[in-house]
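In what follows, a structure is listed as structure tokens, so that the remarks can point back to it.
The values are calculated or read from the model by the stated rules, or taken from the named source; none is laboratory data. Here the structure is a predicted model, which is why all the values come from computation and not from measurement. Ideal geometry is used to build each Cβ from the backbone, glycine not excepted, and the neighbour counts take in all protein chains shown. These accessible areas exclude ligands, DNA and RNA; they are computed on the full protein's heavy atoms, side chains included. Shrake-Rupley method; radii C 1.70, N 1.55, O 1.52, S 1.80 Å.
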Amino acid sequence: MAFRRSPSSTCAESWPNGAGFKRVATALSESSSIHSDALCYLNKDMSGIGLEPMSYSTLEPGPYREEAWAEESQSLLQVMGSTSGPHAIGEGLYFSDGRRKVDYVLVFHQRRHTSIRSPASASVSQDRLSIVSNGNFPSMAASDVAPGGSGGGGGGSGIPGGEGAGASEVFMELGGAGDGEPMEPGDHEMRLIRQEFEANLLEAGLEIERDRELKSHGPSFTRVHAPWPVLCREAEFLKIRVPTKTSYEIKEETGFGSSMSTVWRTLTKPFQPKVPHQDHGRTKFLSHCFSRDKLHLYNITSKDTFFDNSTRGRIVYEILRRTVCARTCQTIGISTLIAKGVYDAAFPLHDGDYKVIGHLEERNDRQVLHEEWARYSAFYKYQPIDLVRKYFGEKIGLYFAWLGVYTQLLVPASIVGIIVFGYGVATMDTNIPSLEMCDQRLNFTMCPLCDRACDFWHLSTACGTAKASHLFDNPATVFFAIFMSLWAVLFLEQWKRRQISLSFSWDLTGIEEDEEHPRPRYETVLLQKRQKKQNNKKKKKKKNESPIEKLTWKDRLPGYLINVSSILFMFALTFSAVFGVIIYRITISAIMAMSPDPEIRHNVRVTVTATAVIINLVVILILDEIYGAVAVWLTELEIPKTETNFEERLILKAFLLKFMNAYAPIFYVAFFKGRFAGRPGNYVYVFNDFRMEECAPGGCLIELCIQLSIIMLGKQLIQNNIFEIGIPKLKKLVRTLKEKETTPKAREEEKPPQQWNLDYALAPFEGLTPEYMEMIIQFGFVSLFVASFPLAPLFALLNNIIEIRLDAKKFVTELRRPVAARAKDIGIWYNVLSGMGKFSVIINAFVISFTSDFIPRLVYEYMYSPTGTMHGFIDHTLSYFNVSDLKPGTAPQNSELGNITLCRYKDYREPPWSPDAYQFSKQYWCVLAARLAFVILFQNLVMFLSLVVAWVIPDVPKTIVEQLKREKKLLVDVFLQEEKEKLQLIQRLFAKDATLHPSGNTLPPGQDLPIPGRYSTLPSGPTAGEDRGGGGPRARCRAASFSQFNRNIASSPMKENENSKHTAV
């Protein structure tokens, strides 16, 4: 930003000949070059670009009255310590003076222009602000500054004050396009919006620095810095909790619990990350909401480090999102400007490079996270959750904490699953039903699997399928289903305890929800509605109508209708995909059965099942991406008011669509396949030609296991390796190739990239919804159908070990730093998890009852077995069919088994010689009743045990309850002691005043000093009027403010409010 000195000016005025010139007079403080607390709003008439003035008052800026706390805090800081010395400018984390941190970066693009504009229009394309300098800027001629320069705003702060003589006017050139560079009307409008927005940022107290050399095209960066007074003001507004000087010792456990804790810490010490300054002691500092009146309570060693970088970025973002552009585009906040294309991006900076170059002791937080957390070689270590929260904020910290708890609790579930699977392997050779199916002496002749082409076959040929089915369909599976249902409840209870512990240690207890501003889309639609109503009112000449404050259901009705119809269409699309795969299985089975090759005919079922599952997986992955984009589009149509509403609605839609997409094929195999196929002689046909498919002789559970395992493993491997690793690397490669396309001369002239250049090249952070969604779908695989696949927790555990490091690497090295967002919990995701946990109980009950053979075996063993064992179970489950009852043209031609009169099929039906031939037998109704009874018993038993587990495990740990009570008591003691010290100080001041002025300050007899309280107004000692001999009233004494007693001259009201305007929303 370039500065030009002109004769002194005391007022702001519009330049009549400028198509973009604005001239504003303001005073510069000594601490900043272009910082102004009283920068006037730009008053140029914008009618030339076709913009109407604001029609509603919510965006109108208004002055604010700032209390006289700046001088007090400055004097207090002079006692505590001055600003730290200059930092290395090459790091790219500071302004050009090397002192002030870059807290936020705004990026906009200078585009190449091909249109030819007149010299006159090009000559006035440079916009400038005229500001009144208080003498901090050195004298310079206008010719000393490049005409198109736009140097850093920090250029003047490094110059000592007092060198300039008197006040004079300095021109700030706000992002000109360069010398004679033509500018499109749209770009000129965008530049005017940026100028107003950045001028409002200056008025809010922020400091701005721009690139010294303007580019004719490419990204341009505007750095933003929040000085100490602004940080204090906003921290108080946002109620940010900061540690105080008061601390206390956490009581250690005694007895057996203490011994076990010590042993556990010793065992887990090799797995702890090596994080410097990590507090493992028993000391905890009390925290309290920041207040400018209580600065003496906080341990402020340096104003540059008291608020960490993530907090500073969050404070600047709060100012950016509420700053108004009322005269140019009638919008609020940086999000709206990015949506309109005024800015390309806005983000806080990372803490330097993630690669460690110097000594390990000098690592910044990003380097520590990369070394101890975001590397695959650190997979065995615990996550440094506190450092993750410090660097990325509470919302991202809670996600990784939740993922860590979920992964840890998958360890016992994996162990139990391995034991259940091992039990199936150990008992496979002794399982009587499997041995009977494999016994060729029993010689069960089965009915054909298809019409005409398929022959009769022996049940012993399905021996391998029967043995494999026993691995997952055995009595231990029922125990595992009950265990996993209780595990889901235990996981949720453990997470609630962990979440409360983190809320306590992160000072999130009792925080209030931040007020959210409307989304850009909502603002646009609301503004259009207001303008439409205003136009209609002008035509009809109506008056006294209430202004439109919000959108109603009528405005959202078209979006709701499109949502409902689109979601129903997506459901139909999912079911169509599943039905298409069913048709594929039926047709391929018929084609392979007609093959002359006996090897092909023998492997029909295995081939068809494997290929169909792979097709299902590909369809699921494709539809998954489509549904994600459709969910965003549908949510935009609803026009949610805030980002929270948008996120919740998006989560519900995306989860509903992706849940149906991922589990529809599995639900079909588990509960529908083979249920409606019919019986020999009366099969159900599709398109009058193809028979509905049936389950394998060993049951549908083995097919369900294959379906679940391939979809689960394939979805995780492909999404993790291709979508999350491959695609970002491909995008990075494309960016690298584009950079190499620049001319060698341009590459030679390029300077080493600063941190904002490096961060801008990273991918933007797009929220945690995809990360949560991936884990929630996995949680469904682990809990919903775990009875059919006991190894699901093991594969989920292995995936999550990689997923944690993959996400960590992505956040640390591949994404721009997100704004540190506060959050007390994981939000709606907990409700989704809780609902899936309850739903899993019902699903597992039906899988065990209707998909597996567990209930038929129990019924046979205790009701129909002659010996009370499982001998004869296979014969009991097979019904007879007379081959002569087959429909004409469906019987096998030239059967290799000879003349067959009776064949068997799996069902409970009456034999052909019965009066009720082929009707359901009594055994069928008995088994059905037992299945329904088991569902009811299983569901109520598991629900009862879940309630017991939830009741036994308290949500809030006992130690946290005790510490909360202790902290509350200590805070009360601190404030009581503060009031006591203040009263003693005031008494001493009055006594000193009485000694110096015995005649004028003696209290009447019997009148005591008022006790200072919350609403007390006490004199603060000699005022400026008294020191000059005047008799003015005493200034008000604010609670817990001692620096004012050390000053002899109090600030006048005019000086107090001279530089105290704030952007009002």
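Examine the stretch 318-331 for a residue that is open to solvent by 10 Å² or more (accessible area, probe 1.4 Å) and within 30 Å of residue 804 (Cβ to Cβ), and state whether such a residue exists.
Checking the stretch 318-331: not a single residue is open to solvent by 10 Å² or more (accessible area, probe 1.4 Å) and within 30 Å of residue 804 (Cβ to Cβ).
Restricting attention to the stretch 426-463, which residues are surrounded by fewer than 17 Cβ atoms within 10 Å (Cβ to Cβ), within 47 Å of the chain's Cα centre (by Cα) and more than 22 Å from residue 844 (Cβ to Cβ)?
The one that is surrounded by fewer than 17 Cβ atoms within 10 Å (Cβ to Cβ), within 47 Å of the chain's Cα centre (by Cα) and more than 22 Å from residue 844 (Cβ to Cβ): 426.
With the condition being closer than 30 Å to residue 554 by Cα and open to solvent by 20 Å² or more (accessible area, probe 1.4 Å), I'd like the helices (runs of 4 or more DSSP H) fully within the stretch 580-693 carrying at least 2 qualifying residues.
Answer list for the stretch 580-693: 604-637, 643-671.
Out of the residues in the stretch 792-832 meeting the condition of being among the acidic types (Asp, Glu) and open to solvent by 10 Å² or more (accessible area, probe 1.4 Å), tell me which one is farthest from residue 334 (Cα to Cα).
So in the stretch 792-832, the residues among the acidic types (Asp, Glu) come out as 803, 807, 814, 825.
Cutting the leftovers down to open to solvent by 10 Å² or more (accessible area, probe 1.4 Å) gives us 814, 825.
On the way: 814: 23, 825: 26 Å.
Selected residue: 825.
Restricting to the stretch 332-349, and then to whatever is open to solvent by 20 Å² or more (accessible area, probe 1.4 Å) and assigned to a loop (DSSP other than H, G, I, E, B), can you tell me which residue is farthest from residue 522 (Cα to Cα)?
344
Of all residues being among the polar types (S, T, N, Q) and within 30 Å of residue 445 (Cα to Cα) in the stretch 653-709, which is modelled with the lowest pLDDT? Just the residue, please.
688
For the stretch 369-423, enumerate the residues that are without any contact (Cβ under 8 Å) to a residue 60 or more places away in the chain and farther than 23 Å from residue 354 by Cβ.
Hits for the stretch 369-423 are 408, 415, 419, 422, 423.
Per-residue answers, yes or no, for (1) at positive phi; (2) touching a His at 6+ places or on another chain (Cβ under 8 Å); (3) assigned to a loop (DSSP other than H, G, I, E, B); (4) without any contact (Cβ under 8 Å) to a residue 12 or more places away in the chain:
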{"site": "868", "(1), (2), (3), (4)": "yes, no, yes, yes"}
{"site": "871", "(1), (2), (3), (4)": "no, no, yes, no"}
{"site": "888", "(1), (2), (3), (4)": "no, no, yes, yes"}
{"site": "900", "(1), (2), (3), (4)": "no, no, yes, no"}
{"site": "911", "(1), (2), (3), (4)": "no, no, yes, no"}
{"site": "914", "(1), (2), (3), (4)": "no, no, yes, yes"}
{"site": "930", "(1), (2), (3), (4)": "no, no, no, no"}
{"site": "942", "(1), (2), (3), (4)": "no, no, no, no"}
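Looking for whichever is over 19 Å from the mean Cα position of the chain (by Cα) and more than 30 Å from residue 884 (Cβ to Cβ) here; the options are 606, 684, 632. Which one fits?
The unique qualifying residue is 606.
Tell me, yes or no, whether the stretch 846-864 has at least one residue that is more than 29 Å from residue 468 (Cβ to Cβ) and either surrounded by 15 or more Cβ atoms within 10 Å (Cβ to Cβ) or not hydroxyl-bearing (Ser, Thr, Tyr) (or both).
No; the residues of the stretch 846-864 include none that is more than 29 Å from residue 468 (Cβ to Cβ) and either surrounded by 15 or more Cβ atoms within 10 Å (Cβ to Cβ) or not hydroxyl-bearing (Ser, Thr, Tyr) (or both).
Please specify each residue of the stretch 896-915 satisfying the condition of being surrounded by fewer than 14 Cβ atoms within 10 Å (Cβ to Cβ) and of a type outside the set (A, V, I, L, M, F, W, C).
896, 898, 899, 901, 914, 915 - these are the residues of the stretch 896-915 that are surrounded by fewer than 14 Cβ atoms within 10 Å (Cβ to Cβ) and of a type outside the set (A, V, I, L, M, F, W, C).
Got at least one residue in the stretch 371-378 being farther than 15 Å from residue 198 by Cα, aliphatic (A, V, I, L, M), open to solvent by less than 10 Å² (accessible area, probe 1.4 Å) and not in a helix (DSSP H, G or I)?
yes
Quick one: in the stretch 91-114, of everything that is closer than 18 Å to residue 321 by Cβ and assigned to a strand (DSSP E or B), which residue is modelled with the lowest pLDDT?
108
Report yes if residue 764 is surrounded by fewer than 19 Cβ atoms within 10 Å (Cβ to Cβ), modelled with pLDDT under 85 and within 28 Å of residue 635 (Cα to Cα), otherwise no. Steps first, answer last, please.
Numbers: surrounded by fewer than 19 Cβ atoms within 10 Å (Cβ to Cβ): yes; modelled with pLDDT under 85: no; within 28 Å of residue 635 (Cα to Cα): yes.
No: the conditions fail for residue 764.
I'm checking my understanding of the structure. Among residues of the stretch 405-438 that are of a type in the set (Gly, Ala, Ser) and under 10 Å from residue 470 (Cβ atoms), which one is modelled with the highest pLDDT?
The extreme case among them is 424.
Against the condition assigned to a helix (DSSP H, G or I), modelled with pLDDT of 90 or more and either exposed (fewer than 14 other Cβ atoms within 10 Å of the Cβ) or over 42 Å from the mean Cα position of the chain (by Cα) (or both), how does residue 951 come out, does it pass?
On the way: assigned to a helix (DSSP H, G or I): yes; modelled with pLDDT of 90 or more: no; either exposed (fewer than 14 other Cβ atoms within 10 Å of the Cβ) or over 42 Å from the mean Cα position of the chain (by Cα) (or both): yes.
Considered against the rule, which asks whether it is assigned to a helix (DSSP H, G or I), modelled with pLDDT of 90 or more and either exposed (fewer than 14 other Cβ atoms within 10 Å of the Cβ) or over 42 Å from the mean Cα position of the chain (by Cα) (or both), residue 951 comes out as no.
This table checks each residue for (1) part of a strand (DSSP E or B); (2) on the phi > 0 side of the Ramachandran plot; (3) aromatic (Phe, Trp, Tyr).
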| position | (1), (2), (3) |
| --- | --- |
| 222 | yes, no, no |
| 229 | no, no, no |
| 245 | yes, no, no |
| 259 | no, no, no |
| 262 | no, no, no |
| 268 | no, no, no |
| 296 | no, no, no |
| 307 | no, no, yes |
| 318 | no, no, no |
